[in-house]
Each structure stands twice: as structure tokens, then as C-alpha cells.
1. Looking only at segment 192-206, decide whether some residue is in a strand (DSSP E or B), in contact with a Pro (Cβ under 7 Å, 6 or more places away or on another chain) and either modelled with pLDDT under 80 or closer than 23 Å to Glu440 by Cα (or both).
2. If a residue has to be in a loop (DSSP other than H, G, I, E, B) and under 15 Å from Glu161 (Cβ atoms) to count, how many in segment 302-325 make the cut?
3. Whether any residue in segment 96-115 is in the same structural domain as Leu71 (by TED's automatic domain parsing), free of Cβ contacts under 8 Å to residues at least 60 places away in the same chain and farther than 30 Å from Thr77 by Cα is what I want to check.
4. Sort through Gly388, Gly374, Gly381, Gly401 and tell me the only one that's within 25 Å of Lys273 (Cβ to Cβ) and part of a loop (DSSP other than H, G, I, E, B).
5. Does any residue of segment 335-345 turn out to be part of a loop (DSSP other than H, G, I, E, B) and either of a type in the set (Phe, Trp, Tyr) or within 25 Å of Arg461 (Cβ to Cβ) (or both)?
6. Please enumerate the residues belonging to segment 213-235 that are closer than 30 Å to Glu324 by Cβ, at pLDDT below 70 and not hydrophobic (A, V, I, L, M, F, W, C).
7. Quickly run through segment 236-287 and pick out the residues that are under 19 Å from Ile320 (Cα atoms) and not hydrophobic (A, V, I, L, M, F, W, C).
8. Take Thr501 and decide whether it is at negative phi, surrounded by fewer than 20 Cβ atoms within 10 Å (Cβ to Cβ), in a loop (DSSP other than H, G, I, E, B) and at pLDDT below 90.
Amino acid sequence: LQTTFNVNNIALVNGRPKTLNLKQLISYFVNHRHEVVVRRTRYDLDQAEKRAHIVEGLLKALDHIDEVIALIRASQTAEEAREGLMEQFGFTEIQARAILEMRLQRLVGLERDKLHEEYDELMKMIEYYKQVLSDEGLRMKIIKDELLEVKEKFGDPRRTEIVPDEGEFDPEDFYADKDMVITISHLGYIKRTPLHEFRTQNRGGVGSKGSTTREEDFMVNMFVASMHNTILFFTELGKCFWLKVYQIPEGTRNSKGRAIQNLIQIEQGDTVKTFVNVKDLKDQEYINNNYIVLATKQGIIKKTRLEAYSRPRQSGINAIIIREGDTLLDARLTDGDMELMLAVRSGKAIRFHEEKVRAVGRTASGVKGITLGGSRDEVVGIVTARKGERDILVISENGFGKRSDLDDYRITNRGGKGVKTINITSKTGDLIAIKAVTDEDDLMIITQNGIAIRLAVKGIRVMGRNTQGVRLINLREGDQIAAATQVPVNGDETVQVDPETGKTADG
């Protein structure tokens, strides 16, 4: 836990103050509700029996209405009339008083059918109240139903946002804005390490060990961020969570870090799919001139101003409405002037300028980015690039890959079917990944059988778009590529820093 606080739960138990834990609080509350139900039912039963007794007397009076009225009129006092009713007709004192308290006009006007209906209803209520008092299971059901009714009636979503008071401190004030190296592994482990722990090396150095991961795990992302930066985590079901860099557990170069799932309040059945590193969310110019672009497996793409993600909530927010049968695939940070590429399993890719995607609100579902090639087809990746900066690398599930110039893909409108990015055959298998790469990157490939290989991108020659590509890895029979990720050159060994600019080698 990053934040803890103590609660002194003191409550009156049988008139005496007592410190209770959560289980005891619930137990005493249920016992209290049980006592309330019992007392209320006893009261309701008593009232129903009293009323039934009076109604029974009124029905009896209607059977002898003329004699009853004559007796009342002939009596000199109310006491004489009451005693006469009790002696002549057998009324109880309560019934006699009830009759005498009614005006004669109202007594004559009583309707027998309504009294019979009331009496029958009272008998049903009396029977039910007696059943409640004799059946503990029924009483517990009443308690449950009443709690659910309260939840339904008053369980509205919070309309006001709870924010720190101006007089409260900001945790960020306790952390110097130092540079940290953030590493994220294939299995979702994350840590931060002070940049100064990584010694500066020129290219060609042997490096130093960067992290200890599980045998089947490896580092997929490594970047430098300041302590005041924010990492946005996006899940498969379209939710977004925040973590300040200082909230990420610090680890040594050799530690494996902590599971991201344990740092955010992610719902059961959901999982972190991707992340975006952003700077100062209080900088109005920055958050209003940058965008978050989301892509789903069914070809939906959505662009939203970063400003919509500038108000962190511990429980997360909905970043995109995910339709049935779809999941979030990836997220990218753009500046409004970048080109986007989507690739699908059937081997096609589409390139368009991000201005073709109108910025929408956070609750919108997005628009079509690419048309799929059939029911089995799905988006396998999204890349952002600028002309001349990066090449496009595609990888197929049977171990083939191809590196092409960005300009080999013509710019079109979004929503089209795209153009062929690799010749898909039974030999190559379906497309499984697309990356925007430079010679400064390595490619980490892991197979379904857990075999991992790391390749230097500069060793993959650039070739035409409409080709089969070259074999990147020799797979054993029945094995296929499960995932492919670009990583910085020597990324799991050292952070290479330019001695003049202080930046890492990958910028």
C-alpha cells in the first residue's frame, strides 16, 4: 500500500463504548436491524389486532343497527349506553366505546362490504406478522430487501468530485522532480530506478545488468520520466487509470518490480493492455494541444484531447465505450500532426493523417479506422509516425518479417480496407504485429511455447511492401509467434545517455 490511515471505530454496544472491527460493526448492525424488525412487527401486530377487534364489533352492530341506535338514543348518559351495549349485545368495552365515539349519522352510513374487506385484510396482516415473529429466516429476508430498497433509492453516483482542500498538502511536493528510469516487463511488472544508478556508456559498451525477471518474462519498455510525470494505464475493457511516477515502487537495477495490477483498482476480469507517459497534466497548453488516440481490435479508432484525462480518479474512468466482442488494443500520445497506421491479421494496413480523426469527448465510442477483411480478421497494431523518421516493420505468426519505407504506404482516408503490407500465405501465417522502427531499436519476439529471441532491427534490410519478407526466427513444428515488441538497443542492460544532451539513446 502506498497510503495508509487509521480509523478508530468506536460505537455504543449495550450503552457502553466499544472499539469494533469491520466484522463486528456489520454483526452489530445486522443484530440492530433484526431487533428493529421484531419490535416494529410486534407493534404492527398489536395495532392490527386492536383494529380487527373494533371492526368485528362494528360488523356486529350493523347486524342490529336499529336496536343499537334505539338503545343509544334512550340512554341518559354515555356510561348508561356503554353498559347497555355490553349487556344486551355482548360487546366488549373497547367495542362499545368505539361505537359510541361515532356519530349516529356515520354509524348508520357504514358499508358492510367495506368493513368485511377491511376485516379480511386485517386477518391476512395478522397472520403475516405472526409468521414474521416465528420465522428468523423471513426476518433476515426482510432486512435484506429493505437494504436493497435503500440502495436502489439512494445509491446514486457521486455528483461532486472530492478534491484536496486548498489547505491540504500535495504529495508531489515531497518528491524532487528527478529523472527516473521506468521499466515495464512483458508480464506486467513495473519499477522506477534513479537514472544516476545507470552509468553513462558510449555505444558499443558491454553494459550492466538492468533487471531480474522471471525466466519467461522480459523487459518490453524502458524510458526516462521525471518524478512528477504521469503514466496513463489503459485496460482491455476501455478504462484508464493514473499513476504518478513517484507512486511507482522504486527498485534497484536488479529487482523485478511490482505487478501493475496491484497498483491500480482494476476490476476483476480486466487487464492492463497499454500505457502512455505524459508530462504536466496541469499545463493547459500541453493538455489542450496533445491527444490520446485509442484503437480496438475491431478497427475502431478514437481521438480525445489529453485535457479529458487531466483529472485523475483513483477508481479510473471510462476512456472508450467498448462494444460487445471488442477489446482495446493500444493507445498513443499524438500532437495533432502525426500519421497513423493500422494493420490487420489478413495482411493489410492503412495510413492516414490523424486530422482525419475528429477529436471527440471521453464518453464517445470512436469511428471506424479500417475495414476488416472478414469475421476472423482483427486489428493487430497501431503506429504513429512522421515521414522520414521511421520505417514500418511487420511480423507474421510463422516467424516472417518485413521492413519497408513508410512512403510505400500511400496516404488515404480512414475507414478503408488498406493496402497489402505482406504477402499472407500458409507459409507466413497471419500478420500479428506492426511496429514503427529505426536502427536504434531491437525486436523482442516470444513464441507460444515460451521461446524468446532478440534481434537488432538494423539487421533487417528494407524491402518492398508487396513481398513475403524474410524469416526472423526458425520455429519448431506447431509453434507460432505469440508477441513481438520493440525495445531500446541494449535496453535490459543499460541506459545509454548522450553526454551532451543528457537524453537516452532512443530519444
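The values are calculated or read from the model by the stated rules, or taken from the named source; none is laboratory data. In this text the structure is predicted, and so the values were computed from the model without any measurement. No Cβ is skipped: glycine too gets one built from the backbone with ideal geometry, and neighbour counts run over all protein chains shown.
1. Pass one, segment 192-206, residues in a strand (DSSP E or B): 192-194.
Retained after the next criterion (residues that are in contact with a Pro (Cβ under 7 Å, 6 or more places away or on another chain)): none.
Scanning segment 192-206, I find no residue that is in a strand (DSSP E or B), in contact with a Pro (Cβ under 7 Å, 6 or more places away or on another chain) and either modelled with pLDDT under 80 or closer than 23 Å to Glu440 by Cα (or both), so the answer is no.
2. Going residue by residue through segment 302-325, those that are in a loop (DSSP other than H, G, I, E, B) are 310-316, 319-325.
Next cut, under 15 Å from Glu161 (Cβ atoms) only: 310-316.
Counting residues in segment 302-325 that are in a loop (DSSP other than H, G, I, E, B) and under 15 Å from Glu161 (Cβ atoms) gives 7.
3. Going residue by residue through segment 96-115, those that are in the same structural domain as Leu71 (by TED's automatic domain parsing) are 96-115.
Add one more test, that the residue is free of Cβ contacts under 8 Å to residues at least 60 places away in the same chain, and what stays is 96-114.
Now narrow it down to the ones that are farther than 30 Å from Thr77 by Cα: 113-114.
Yes, some residue in segment 96-115 is in the same structural domain as Leu71 (by TED's automatic domain parsing), free of Cβ contacts under 8 Å to residues at least 60 places away in the same chain and farther than 30 Å from Thr77 by Cα.
4. Values: Gly388 fails: within 25 Å of Lys273 (Cβ to Cβ); Gly381 fails: part of a loop (DSSP other than H, G, I, E, B); Gly401 fails: part of a loop (DSSP other than H, G, I, E, B).
Exactly one of Gly388, Gly374, Gly381, Gly401 is within 25 Å of Lys273 (Cβ to Cβ) and part of a loop (DSSP other than H, G, I, E, B), namely Gly374.
5. Filtering segment 335-345 for residues part of a loop (DSSP other than H, G, I, E, B) gives 335-338, 345.
Going one step further and asking which of them are either of a type in the set (Phe, Trp, Tyr) or within 25 Å of Arg461 (Cβ to Cβ) (or both), we end up with 345.
Yes; the residues of segment 335-345 include at least one that is part of a loop (DSSP other than H, G, I, E, B) and either of a type in the set (Phe, Trp, Tyr) or within 25 Å of Arg461 (Cβ to Cβ) (or both).
6. Taking segment 213-235 as the starting set, the residues that turn out to be closer than 30 Å to Glu324 by Cβ are 220, 231-235.
Right, trim to at pLDDT below 70 and you get 220.
Result: no residue meets the conditions.
7. Glu236, Gly238, Lys239, Gln265, Glu267, Gln268, Gly269, Asp270, Thr271, Lys273, Thr274, Asn277
8. On the way: at negative phi: yes; surrounded by fewer than 20 Cβ atoms within 10 Å (Cβ to Cβ): yes; in a loop (DSSP other than H, G, I, E, B): yes; at pLDDT below 90: yes.
Yes: the conditions hold for Thr501.
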